[in-house]
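Colleague: First the structure, then my questions, so here it is.
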Amino acid sequence: MITVSNISKQYESVKALTNISFSINDNEIFGLIGPDGAGKTTFMRLLTTMLLPDNGLIEANGFNTVSDYKKVRNIIGYMPGRFSLYQDLTVEENLNFFASVFNTTIEQNYDLIANIYKQIEPFKNRVAGKLSGGMKQKLALSCALIHKPEILVLDEPTTGVDAVSRMEFWQMLKRLKMKGITIIVSTPYMDEASLCDRVALIQNGQILKIDTPENIIKSYPKYLIAVNAKNKYKLIHDLRKYKNSSSVFAFGSSVHVTFKNNNTDIDELKNFLISEGNVEIDINIAQPDIEDCFMELMKAEKNE
Amino acid sequence: MKTLIFLIRKEFRQIKRNKVLLPIIFIMPILQLLILVHATTFQIRNVNIGVVDNDKSTTSLNLINTLGASEFFSITAFPAHISEAESMLAKSQIDMIMVIPQNFGSNLVREKQADIQFIPNAINVNFATLAYSYATMVLRSFNIRIITETTPTIMPVQHKVVNIIPRYYFNSEMNYKWYMFPGIMVILITMIGLFLSGLNLVREKEIGTSEQLNVTPIKKHHFILAKLIPFLIIGLLELTLATVLGILVYNVPFEGNFLVLVGFTFIYLFVVLGIGLLISTMANTQQQMMFVAFFVVIIFILLSGIFTPAESMPNWVQKLNVINPIAYFMKVIRMVMLKGSGINNLIHELISMTIYAIIVLSLATFRYRKTS
């Protein structure tokens with residue numbers, strides 16, 4: 001159990017986190033979702049004892065990250081966003097190094113990393129700098145796990161990773177969760193949010209919402225439709241002009257639109273678009289997902 | 001302890017694997033000592049002289065030959081006129097002009113006195129002074145010969161001359177290389193200590209591994225020690241290598257006890273390694289580290305009295321040398337090698353360096369803690 005109470009952190013003039021409080025349950029995959037600069041990395045650095053909070057308190061499984069930082073370091077495994085292992089040491093040497101630093105050996109905790117490490121074991125004598133991106137990531141994960149941490153902290157592990165490797169990575173996280181590890185993962189990709197048990201939506205150093213992905217989607221207050229037309233630019237432009245539209249943004253191959261009141265007539269909208277000269281119009285009712293929720297919450301925040 | 005040994009082994013493994021660093025660590029000292037000792041010598045040889053001989057007598061020819069026979073001078077030109085000689089001096093074709101006036105030979109015989117003029121190129125003041133004093137030395141021996149040749153033997157003159165026979169202590173052959181050699185050694189050991197340790201730490205910062213290490217229970221003093229010890233060992237290896245090279249190549253006399261030198265170098269290395277680490281805690285990139293370290297080293301080296309004795313610098317400059325570790329080492333290494341000084345002559349330097357090492361290393365460790 002990780003409890004965060006009234007945490008604030010400021011870098012010179014930038015407020016990175018403003019008075020946030022929440023808790024993370026044991027053995028869950030907890031996602032921090034938010035755009036760049038939202039404060040995700042700052043929170044992770046505070047949790048992993050690398051930064052001191054300006055005020056507030058974080059307790060990781062009962063240990064204070066400031067006064068008990070040594071104990072916290074022993075139960076936390078951290079994988080930074082940037083690959084930061086020794087490029088001039090081999091795969092095996094890197095793993096050995098981190099094992100020794102934690103006073104353990106590869107053999108002792110092999111079962112935990114076996115699944116992941118087996119995939120890079122054929123290259124164990126290759127220097128880490130010469131590995132491919134996906135393999136580097138697996139090595140970094142192995143190194144973060146080598147001391148059998150209770151909490152695993154992953155800072156944007158899937159940024160810049162191809163779709164297949166991303167799915168593979170989330171599979172690995174699911175398996176680690178089954179072994180009883182609490183996993184905190186940040187990501188700028190909204191579609192990965194549904195893979196977490198609970199997510200926190202972060203924006204400008206504040207938490208907009210914390211809930212399970214299902215509940216977040218369920219609580220989406222508005223009627224959402226997806227519109228398609230031949231000329232997308234013109235379509236967005238015209239939709240924004242429409243008297244009843246509330247938010248309009250491109251979403252994948254279509255445009256997601258919400259309305260100021262929820263009983264808007266779709267036919268009326270269609271006629272409006274036709275009168276503006278749009279062709280090949282296609283309107284469907286859309287299932288909101290995390291990204292829609294995020295956009296809506298951001299908008300609400302701005303209006304306040 | 002186990003962790004420390006493991007950390008040190010990791011450092012050595014990385015040094016061993018570094019394809020640029022490793023050769024440099026061993027080639028640099030050899031090249032520096034073989035080349036720079038010659039390059040920094042103040043002994044003057046091959047001063048090119050242009051002679052304006054307005055006399056053209058046997059005596060003047062005799063003088064020219066005497067000068068040319070000296071190992072310091074070579075007569076390379078005979079400009080017809082002083083203005084031609086001056087333009088050659090301006091073009092650096094010659095280093096010094098000797099003007100022999102008309103009737104030089106006959107004046108010498110008749111009036112027992114004649115003047116000649118030396119015009120050295122004084123861009124390099126030191127060079128000009130030395131060239132001039134060498135020339136007067138040669139001239140004096142010429143004088144004595146002339147006197148004995150031209151004085152009638154029937155009337156033997158008792159030359160009541162006090163002859164000074166100098167004996168140069170600690171470097172009896174006035175071999176400048178013996179003086180410069182320890183100086184170059186100091187530069188070498190300083191470079192190894194100050195640059196390599198600091199750069200190594202900054203590199204961990206740059207590639208992000210220090211961040212990764214910060215979340216491990218690794219102890220800060222273990223981490224710092226693991227950065228010091230490999231370069232301490234390399235520094236002492238270089239010292240040994242350089243000493244052997246000096247004795248074999250330059251016949252540098254090693255008057256003192258090698259162990260005294262090793263002991264002092266040991267403490268000195270802690271100081272420079274500490275300075276390197278201290279700079280690295282303030283730098284974020286290897287570029288910053290390199291630039292600041294270079295700035296510090298250049299100042300320290302030139303202040304240390306490597307070329308000119310520190311004692312002849314202005315008083316306030318000498319005071320600056322109190323905080324200049326290179327000055328201490330420069331002094332000690334010359335004292336031990338050339339003078340054979342033992343520990344009792346070096347107490348002051350030993351204590352100063354020990355205090356220095358403690359201060360710098362504490363500062364570096366403190367700063368490292370604070371920034372992480």
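What follows draws every value from the coordinates through simple rules; no lab data is involved. In this text, all values refer to a predicted model and were calculated from it rather than measured experimentally. Every residue, glycine among them, receives a Cβ derived from its backbone with ideal geometry; neighbour counts consider all protein chains shown.
Colleague: Take the Cα gyration tensor of region B:1-59, multiply each eigenvalue by 5, square-root it, and list the three semi-axes largest first, rounded to whole angstrom.
Modeller: 58, 11, 6
Colleague: Here is a further query. Nearest 0.05, what FRET efficiency do B:Thr129 and B:Lys220 give at R0 = 41 Å with Cβ-Cβ as r?
Modeller: It comes to 0.15.
Colleague: For the residues B:Tyr268, A:Tyr69, what sequence is obtained by ranking on other C-beta atoms within 10 Å, fewest first?
Modeller: Least crowded to most crowded, the residues run A:Tyr69, B:Tyr268.
Colleague: Antiparallel DSSP bridges in region B:47-144: what percent, to the nearest 5?
Modeller: Around 30 percent antiparallel, to the nearest 5.
Colleague: Within straight cross-link reach of B:Lys91, meaning Cα distance under 27 Å, which lysines are found once same-chain residues fewer than 8 apart are removed?
Modeller: List returned: B:Lys56.
Colleague: Suppose every Lys and Arg Cβ carries +1 and every Asp and Glu Cβ carries -1, with no other charges. What dipole size does the protein assembly as shown come out with about its Cα centre, to the nearest 20 debye?
Modeller: Here the protein assembly as shown has a charge dipole of around 1240 debye.
Colleague: What whole-number volume per residue, in cubic angstrom, does the convex hull of the C-alpha atoms of region B:181-323 give?
Modeller: 126 Å³
Colleague: Could I ask something else about it? If one takes the longest principal axis of the Cα atoms in chain B, at what angle in degrees, from 0 to 90 and to the nearest 10, does the Cα axis of helix B:125-150 lie?
Modeller: Here the helix axis deviates by roughly 30 degrees.
Colleague: Between beta-carbons, use under 15 Å as the cut-off and find the net charge around B:Asn126, counting Lys and Arg +1, Asp and Glu -1.
Modeller: 0
Colleague: Would you mind checking B:Lys10/B:Lys219; B:Lys16/B:Lys220; A:Lys218/A:Lys243; A:Lys15/B:Lys220 for any pair whose Cα atoms are more than 19 angstrom apart?
Modeller: Too far apart for the 19 Å limit: B:Lys16/B:Lys220; A:Lys218/A:Lys243; A:Lys15/B:Lys220.
Colleague: May I pose another question? Excluding residues on the same chain fewer than 8 positions from A:Lys241, give the lysines whose Cα lies under 20 Å from its Cα.
Modeller: Counting by Cα, and skipping residues close in sequence, A:Lys241 has these lysines nearby: A:Lys222, A:Lys230, A:Lys232, A:Lys260, A:Lys270, A:Lys299.
Colleague: Quick one: if you stick a label point 7 Å off each Cα along the C-beta vector at B:Gln318 and A:Glu107, how many nm between them?
Modeller: The answer from the label model is 6.6 nm.
Colleague: What does the charge count around B:Pro217 come to, taking other residues whose C-beta lies under 10 Å from its C-beta (Lys +1, Arg +1, Asp -1, Glu -1)?
Modeller: Once positives and negatives cancel, what remains is +4.
Colleague: Moving to a separate point now. Helix B:176-191: angle to the longest alpha-carbon principal axis of chain B, degrees 0 to 90, nearest 10?
Modeller: 20 degrees
Colleague: Sticking with this structure for a sec: Just to be sure I understand the model, the point goes 7 Å from the Cα along the line to the Cβ. What's the resulting B:Ile343 to B:Arg17 distance in nm?
Modeller: Here the answer is 4.2 nm between the modelled labels.
Colleague: Could you tell me which of B:Asn48, B:Leu108, B:Ser133 has its Cα farthest along the dipole of region B:47-144 towards the positive end, charges placed at Cβ (Lys, Arg +1; Asp, Glu -1), taken about the Cα centre?
Modeller: The residue sitting most towards the positive pole is B:Leu108.
Colleague: In what order do A:Glu296, B:Glu11, B:Glu71 fall by count of nearby beta-carbon atoms within 10 Å, going from fewest to most?
Modeller: Going from least to most buried by this count: B:Glu71, B:Glu11, A:Glu296.
Colleague: Pop a pseudo-label 7 angstrom from the Cα along the beta-carbon direction at both A:Thr3 and B:Ala90 and give the gap in nm to one decimal.
Modeller: With each label placed 7 Å out from Cα toward Cβ, I get 9.1 nm.
Colleague: Further question: Step by step: find N for region A:128-177, compute 2.2 N^0.38 Å, then divide the Cα radius of gyration by it. What's the final number?
Modeller: Here the answer is 1.13, to two decimals.
Colleague: Compute and list, largest first, the equivalent-ellipsoid semi-axes of chain A from the alpha carbon gyration tensor, each √(5λ) rounded to a whole angstrom.
Modeller: The three semi-axes for chain A are 42, 23, 15 Å.
Colleague: A further question follows. With no solvent and one point per C-alpha, what does the Debye sum give as log10 I(q)/I(0) for the protein assembly as shown at q = 0.05, 0.07, 0.09, 0.10 Å⁻¹?
Modeller: For the protein assembly as shown at q = 0.05, 0.07, 0.09, 0.10 Å⁻¹, log10 I(q)/I(0) is -0.46, -0.70, -0.91, -1.02.
Colleague: About the Cα centre of chain B, how large is the charge dipole given +1 on each Lys and Arg Cβ and -1 on each Asp and Glu Cβ? Please answer in debye to the nearest 20.
Modeller: 1800 debye
Colleague: Ok, one more. Between A:Val127 and A:Ala114, what length in nm is gained on full extension when 0.36 nm per residue of separation is reduced by their alpha carbon distance?
Modeller: The A:Val127-A:Ala114 span can extend by a further 2.7 nm.
Colleague: Toward the positive end of the charge dipole of chain B, about the Cα centre and with charges on Cβ (Lys, Arg +1; Asp, Glu -1), which of B:Gln288, B:Met185, B:Phe12 goes farthest?
Modeller: Projecting each Cα onto the dipole axis, the largest value belongs to B:Phe12.
Colleague: Can you sort B:Leu236, B:Leu188, A:Leu47 so the residue with the fewest Cβ neighbours within 10 Å comes first?
Modeller: Neighbour counts put them in this order, fewest first: B:Leu236, B:Leu188, A:Leu47.
Colleague: While we're here: Provide the net charge surrounding A:Tyr78, with neighbours chosen by a C-beta distance below 13 Å and charges set as Lys +1, Arg +1, Asp -1, Glu -1.
Modeller: -1
Colleague: Given a Förster radius of 35 Å and the C-beta distance between A:Asn271 and A:Asp54 as r, what FRET efficiency does 1/(1 + (r/R0)^6) yield to the nearest 0.05?
Modeller: E(calc), rounded to 0.05, equals 0.05.
Colleague: Also, I was wondering about something else. Angle check, please: helix A:290-303 long axis (alpha carbons) against the longest principal axis of chain A (alpha carbons), in degrees 0 to 90, nearest 10.
Modeller: 70 degrees
Colleague: To continue, here is another question. So who's got an amide H within less than 5 Å of the one on A:Lys209, skipping anything under 5 residues away but keeping other chains? H placed 1.01 Å off N, in plane.
Modeller: Sorted by chain and number, the residues that satisfy this are A:Leu201.
Colleague: Roughly what % of DSSP beta bridges within the protein assembly as shown run antiparallel, to the nearest 5?
Modeller: 60 percent
Colleague: Of the options B:His221, B:Phe170, A:Asn115, report the single residue whose Cα projects farthest towards the positive end of the charge dipole of the protein assembly as shown (beta-carbon charges: Lys, Arg +1; Asp, Glu -1).
Modeller: Looking along the dipole axis, the top candidate is B:Phe170.
Colleague: Please give the charge dipole size of region B:286-372, origin at the Cα centre, charges +1 on K and R Cβ atoms and -1 on D and E Cβ atoms. Round to the nearest 20 debye.
Modeller: Roughly 220 debye for region B:286-372.
Colleague: Percent antiparallel among DSSP beta bridges with both residues in chain A, to the nearest 5?
Modeller: Beta bridges within chain A, antiparallel portion: roughly 65 percent.
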